[in-house]
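Student: One structure is given below, represented as structure tokens, and several questions about it will come after.
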Amino acid sequence: MIVVDSENRVFTLHTQNTTYQMKADRYNVLLHTWYGPRISGGDLSYLIQYADRGFSPNPNELGNERDYSLDTLPQEYSTCGVGDFRLPSIEFEPEDGSRLADLRYVEHELRRGKYSLEGLPAFWGGDEWETLIIRMEDASAKMLVELYYGVLEARDLITRAVRVINRGEQTVQLRRCASLCLDVQREGLDFITFDGCHALERNLNRSPLRPGVQSVESVRGTSSHHHNPFVILCDHSADEDHGLCYGAALLYSGNFLAAAERTQLENNRLLLGVNPYHFCWTLFPGESFTAPEAALICSPGGFGQMSRQFHRAIRDNLIRDPGAGKRRPVLINNWEATEFTFNAEKLVDIARSAAPLGLELFVMDDGWFGTRDTDLSGLGDWIVNRKKLPGGLEALVPRIRELGMSFGIWVEPEMVSENSALYRAHPDWALGAPRRPQSRGRSQLVLDFSRKEVREHIYRAMKDILDSADISYVKWDMNRSLSDVWSAAASADRQGEVFHRYVLGVYEVLERLRRDYPQLLIEGCSGGGGRFDAGMLYYTPQIWCSDNTDAIDRLRIQYGTSFCYPVSAMGSHVSAVPNAQTGRSVSIETRGVVAMSGTFGYEMDLGRCTPEERETIKRQTAFFKAHYDLIQNGDYYRLSDPFQDGPYTAWAHVSPNKREALVCLVSGAVRAASPFRTLPLRGLDPALAYQVNGQGSWPGDVLMEAGWPLPMFWDDYQSMQLYLTAV
Ligand code: DGJ
């Protein structure tokens with residue numbers, strides 16, 4: 001609920017459990033007065049204290065009044081160069097070269113429903129949303145800044161976006177435009193980020209905010225494996241069930257900056273948005289720029305509640321799932337089984353061995369097109385390789401469908417190999433500056449998606465593939481970071497737009513394909529989880545979580561991912577052992593337990609499995625299908641932290657009405673004389689009694705407080721699932 005006190009110019013956003021407030025003061029400065037647990041409201045600006053602080057300047061209109069400084073007051077959207085020395089939200093440069101932005105409140109507007117953003121991903125929905133737009137202006141440069149707020153009360157979700165409009169007569173260079181600025185007047189906060197590298201994404205890192213700026217960012221053109229555009233600010237004492245935390249996600253798949261500043265007065269500012277690195281956007285008179293959307297959830301009750309609210313909001317109001325309300329298929333992918341070495345017979349063999357086990361979608365991965373026999377060539381030539389697939393997709397797909405399976409295909413549309421017909425015809429379509437040989441990544445170059453003709457060509461090529469056969473799934477891969485970012489289509493003074501235009505270009509092609517093929521399921525991928533962000537989820541309901549399919553490493557990867565993103569978004573497969581990334585061998589049971597807490601599938605040659613393994617796989621797929629709704633749409637509870645190297649990692653899926661739960665556990669490395677342990681459960685109804693795996697009747701409060709006794713594990717990495725139903 002949005003409450004506007006027009007007389008006092010106080011704007012209060014209430015969600016189910018939180019309240020957010022700002023106020024335009026007598027100087028038209030928009031102050032941030034509160035974000036925290038839900039309170040009744042009123043004008044919370046009484047909380048703001050005014051005092052003269054050395055070296056904190058005062059706005060000109062105050063004369064010699066020294067108690068008021070932009071440098072010490074909590075700002076809703078921070079200014080630049082006019083007296084606030086903390087992180088600026090915005091920076092622009094008119095023709096006089098000044099880089100000053102002094103934003104003052106002009107007006108506001110309330111709307112029922114949710115705003116949308118042209119060409120950018122955004123949360124969506126109907127009348128369950130309310131929108132507030134606050135207009136601010138820098139009067140000298142005649143720059144109008146619109147702050148958008150979307151409120152989804154039941155999810156505690158506040159979305160934010162920013163539009164900057166050049167209302168003057170000069171050309172202005174926009175050099176920075178954050179999507180979110182949050183000044184938190186609170187002591188003792190930690191900053192949590194999710195970091196890593198290829199094949200080891202989203203490790204949780206937590207550290208107390210120290211004086212100065214701490215930040216994570218991407219300058220790789222994608223959101224990256226290395227840092228995620230989702231961060232948390234929380235109380236030192238916050239844990240899964242207690243403490244205040246603020247989660248902030250950017251709906252963006254390119255360079256981002258997430259910066260937290262502990263200020264001179266021991267307050268905090270969080271900034272999230274497009275990275276100012278190599279960013280400069282020209283705004284001619286009348287033109288505007290829209291910064292991507294950011295999503296905020298504050299939880300007064302710890303990380304668990306925050307994550308579950310993000311999961312619900314992403315599932316119900318961000319992802320546009322072609323199979324919404326239906327079960328997504330359990331898939332078999334040939335990549336880890338064959339890499340590039342396959343032909344039609346091999347693919348059909350794999351599919352044939354998978355179909356009787358309950359697998360429903362066959363995905364043909366990399367290597368089916370052009371001269372793609374290794375990763376040195378072929379990208380860009382989206383034409384079936386007839387040596388491998390003699391009859392083309394027209395012959396292959398019906399053979400897969402005859403087995404009762406649907407068919408999916410791998411593509412990497414943003415890339416080009418130098419050894420390809422496309423590159424030979426259009427070398428300038430690859431990003432790269434004149435007289436400067438480009439760096440290669442995985443031996444490939446990046447197509448310049450900021451260019452219309454490139455996008456058009458790729459869009460047509462994708463359509464030709466999709467129209468040539470009955471294809472229900474696409475894996476959209478992207479296997480390198482962007483370097484040599486220079487576009488032949490942009491003038492010298494507009495090269496600072498190319499990184500962002502590239503991302504907009506990717507979104508545009510995805511959106512067109514989505515419109516043309518509304519039933520097509522697209523799985524995002526960037527060498528695994530290199531572009532696992534809320535922006536991508538708008539177009540691709542699931543994203544391959546990591547190229548690391550080792551079940552034990554996946555415990556951490558999926559744990560970190562779960563802080564923002566739902567199980568239904570996490571691409572997760574069982575692969576062969578010893579694992580290709582770690583050399584570790586883990587039982588098929590444990591691999592299944594871990595993979596089915598994601599979108600679930602297999603990525604191995606099932607024809608090579610023993611009869612016992614095949615029986616297990618059959619049981620696993622049947623079990624997953626039977627409990628699909630609980631796993632994919634239930635509430636997710638983390639029961640332990642795998643980064644603590646404890647004796648086990650456990651989590652639970654609980655149905656919204658709490659009448660059903662699936663508890664999953666994987667033990668750690670075995671040790672002698674291991675103590676007797678119990679696993680305290682979470683998320684149950686204390687007043688209900690539950691059967692566990694069809695037996696007995698235990699009260700929910702007992703299972704949560706006293707826990708469930710764990711068996712003795714006689715080997716490393718054993719697993720256990722408990723299925724609970726209310727009796
Ligand atoms: C990287 C992906 O993450 C893998 O799953 C696989 O599709 C390869 N690319 C294919 O080149």
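Student: From Ser587, Ser674, which residue is assigned by TED's automatic domain parsing to the domain that holds Tyr717, in contact (Cβ under 8 Å) with a residue 12 or more places away in the chain and open to solvent by 10 Å² or more (accessible area, probe 1.4 Å)? If you could, list the steps in order and put the result at the bottom.
Tutor: Values: Ser587 fails: assigned by TED's automatic domain parsing to the domain that holds Tyr717.
It is Ser674.
Student: Hey, does the stretch 531-546 have a residue that's away from the ligand (no atom under 15 Å from the Cβ) and among the basic types (Lys, Arg)?
Tutor: no
Student: Considering only residues that are in a loop (DSSP other than H, G, I, E, B), aromatic (Phe, Trp, Tyr) and open to solvent by 10 Å² or more (accessible area, probe 1.4 Å), which ones fall in the stretch 31-84?
Tutor: Result: Tyr50, Phe55.
Student: Is it fair to say Asp685 is in contact (Cβ under 8 Å) with a residue 24 or more places away in the chain, among the charged types (D, E, K, R) and open to solvent by 50 Å² or more (accessible area, probe 1.4 Å)?
Tutor: Numbers: in contact (Cβ under 8 Å) with a residue 24 or more places away in the chain: yes; among the charged types (D, E, K, R): yes; open to solvent by 50 Å² or more (accessible area, probe 1.4 Å): no.
Considered against the rule, which asks whether it is in contact (Cβ under 8 Å) with a residue 24 or more places away in the chain, among the charged types (D, E, K, R) and open to solvent by 50 Å² or more (accessible area, probe 1.4 Å), Asp685 comes out as no.
Student: Something else now. Determine which member of the set Glu266, Glu169 is surrounded by fewer than 20 Cβ atoms within 10 Å (Cβ to Cβ) and under 30 Å from Trp34 (Cβ atoms).
Tutor: Details: Glu169 fails: under 30 Å from Trp34 (Cβ atoms).
Answer to the selection: Glu266.
Student: Something else about it: Just the residues that are open to solvent by 40 Å² or more (accessible area, probe 1.4 Å) and either touching a residue at least 12 places away in the same chain (Cβ under 8 Å) or assigned to a strand (DSSP E or B) (or both), please, taken from the stretch 1-30.
Tutor: Here is the first cut: in the stretch 1-30, the ones open to solvent by 40 Å² or more (accessible area, probe 1.4 Å) are 1, 3, 5-9, 16-17, 26-28.
Answer for the stretch 1-30, where residues must be open to solvent by 40 Å² or more (accessible area, probe 1.4 Å) and either touching a residue at least 12 places away in the same chain (Cβ under 8 Å) or assigned to a strand (DSSP E or B) (or both): Met1, Val3, Asp5, Asn8, Arg9, Gln16, Asn17, Tyr27, Asn28.
Student: Could you tell me whether Val454 is within 16 Å of the ligand (Cβ to nearest atom) and of a type outside the set (D, E, K, R)?
Tutor: no
Condition check ((1) closer than 22 Å to Leu250 by Cα; (2) within 23 Å of the chain's Cα centre (by Cα); (3) polar (S, T, N, Q)) across all residues:
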residue	(1), (2), (3)
Arg167	no, no, no
Gln173	no, no, yes
Leu180	yes, yes, no
Val184	yes, no, no
Glu187	no, no, no
Arg202	yes, yes, no
Asn205	yes, yes, yes
Val216	yes, yes, no
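Student: Go through the stretch 378-411 and give me each residue that's open to solvent by 10 Å² or more (accessible area, probe 1.4 Å) and not in a loop (DSSP other than H, G, I, E, B).
Tutor: As a first pass, look at the stretch 378-411 and keep what is open to solvent by 10 Å² or more (accessible area, probe 1.4 Å): 381-388, 390-391, 394-395, 398-399, 401-404, 406.
If the condition is that a residue be open to solvent by 10 Å² or more (accessible area, probe 1.4 Å) and not in a loop (DSSP other than H, G, I, E, B), then Val384, Glu394, Ala395, Pro398, Arg399, Arg401, Glu402, Ser406 are the ones that fit.
Student: Those residues that are buried (at least 23 other Cβ atoms within 10 Å of the Cβ) and among the polar types (S, T, N, Q), I need them from the stretch 226-263; list them, please.
Tutor: If the condition is that a residue be buried (at least 23 other Cβ atoms within 10 Å of the Cβ) and among the polar types (S, T, N, Q), then Asn228, Ser253, Asn255 are the ones that fit.
Student: Okay, moving on. Which of (1) closer than 30 Å to Leu331 by Cβ; (2) open to solvent by less than 20 Å² (accessible area, probe 1.4 Å) does Asp464 not meet, given it meets every other one?
Tutor: Status for Asp464: all satisfied but (2).
Student: I need a count of the residues in the stretch 547-566 that are open to solvent by less than 10 Å² (accessible area, probe 1.4 Å), of a type in the set (Val, Ile, Thr) and more than 14 Å from the ligand (Cβ to nearest atom).
Tutor: Matching residues across the stretch 547-566 total 1.
Student: Find all pairs meeting these conditions: Cβ atoms under 7 angstrom apart; at least six residues apart or on different chains; first residue within the stretch 553-576 and within 12 Å of Ala595 (Cα to Cα); second residue open to solvent by 10 Å² or more (accessible area, probe 1.4 Å) and charged (D, E, K, R).
Tutor: Here the result reads Ser568/Arg315; Val574/Arg591; Ser575/Glu336, each pair linking the stretch 553-576 to a residue that is open to solvent by 10 Å² or more (accessible area, probe 1.4 Å) and charged (D, E, K, R).
Student: May I ask you to list the residues in the stretch 372-383 that are more than 12 Å from the ligand (Cβ to nearest atom) and closer than 13 Å to Phe342 by Cβ?
Tutor: Asp373
Student: What number of residues in the stretch 645-681 are more than 27 Å from the chain's Cα centre (by Cα) and among the β-branched types (Val, Ile, Thr)?
Tutor: Residues in the stretch 645-681 being more than 27 Å from the chain's Cα centre (by Cα) and among the β-branched types (Val, Ile, Thr): 2 in total.
Student: Quick one: in the stretch 572-627, of everything that is among the hydroxyl-bearing types (Ser, Thr, Tyr) and assigned to a loop (DSSP other than H, G, I, E, B), which residue is nearest to Gly358 (Cα to Cα)?
Tutor: Per the stated criteria, the residue is Thr599.
Student: Given the criterion among the basic types (Lys, Arg) and assigned to a loop (DSSP other than H, G, I, E, B), identify the matching residue among Arg135, Arg99.
Tutor: Arg99
Student: What pairs come up if the first residue lies in the stretch 459-485 and is assigned by TED's automatic domain parsing to the domain that holds Met405 and within 16 Å of the ligand (Cβ to nearest atom), the second is basic (Lys, Arg) and open to solvent by 20 Å² or more (accessible area, probe 1.4 Å), and their beta carbons are under 6 Å apart, counting only those six or more places apart or on different chains?
Tutor: Correct list of pairs: Asn479/Arg442; Arg480/Arg442; Ser481/Arg220.
Student: Is it the case that some residue within the stretch 491-508 is aliphatic (A, V, I, L, M) and within 16 Å of the ligand (Cβ to nearest atom)?
Tutor: no
Student: Another question about this same structure. Name the residues in the stretch 690-703 that are in contact with a strand residue (DSSP E or B) (Cβ under 9 Å, 6 or more places away or on another chain), part of a strand (DSSP E or B) and open to solvent by 30 Å² or more (accessible area, probe 1.4 Å), would you?
Tutor: Listed by number, the residues that qualify are Gln691, Gly696, Ser697, Trp698, Pro699.
Student: Which condition number does Ala395 fail, the rest of (1) within 30 Å of Tyr628 (Cβ to Cβ); (2) at pLDDT 95 or above being met?
Tutor: Unmet condition: (1).
Student: Would you point out the residue of the stretch 333-367, among those that are within 12 Å of the ligand (Cβ to nearest atom) and over 29 Å from the mean Cα position of the chain (by Cα), that is surrounded by the most Cβ atoms within 10 Å (Cβ to Cβ)?
Tutor: Of the stretch 333-367, the ones within 12 Å of the ligand (Cβ to nearest atom) are 333-340, 363-367.
Those still in the list that are over 29 Å from the mean Cα position of the chain (by Cα) too: 338, 340.
Values: Thr338: 18, Phe340: 15.
Here the answer is Thr338.
Student: Is it fair to say Pro94 is open to solvent by less than 50 Å² (accessible area, probe 1.4 Å) and more than 24 Å from Phe289 (Cα to Cα)?
Tutor: Details: open to solvent by less than 50 Å² (accessible area, probe 1.4 Å): yes; more than 24 Å from Phe289 (Cα to Cα): no.
The answer is no for Pro94.
Student: Hey, another quick one. Can you pull out every residue in the stretch 558-594 that is over 20 Å from Gln620 (Cα atoms) and of a type in the set (Gly, Ala, Ser)?
Tutor: Listed by number, the residues that qualify are Gly560, Ser562, Ala580, Gly583.
Student: Would you mind finding the one in Ala661, Ala673, Ala669 that is of a type outside the set (S, T, N, Q) and touching a strand residue (DSSP E or B) at 6+ places or on another chain (Cβ under 8 Å)?
Tutor: Answer to the check: Ala661.
Student: Just checking, how many residues over the stretch 100-140 are surrounded by 15 or more Cβ atoms within 10 Å (Cβ to Cβ) and either at pLDDT below 95 or basic (Lys, Arg) (or both)?
Tutor: 3
The values are calculated or read from the model by the stated rules, or taken from the named source; none is laboratory data. Just so you know, these numbers come straight off a predicted model, no measurement behind them. Positions of Cβ are generated from backbone atoms using ideal geometry, with glycine treated the same way; all protein chains shown enter the neighbour counts. With ligands, DNA and RNA removed, areas are computed over all heavy atoms of the protein, side chains included. Shrake-Rupley method; radii C 1.70, N 1.55, O 1.52, S 1.80 Å.
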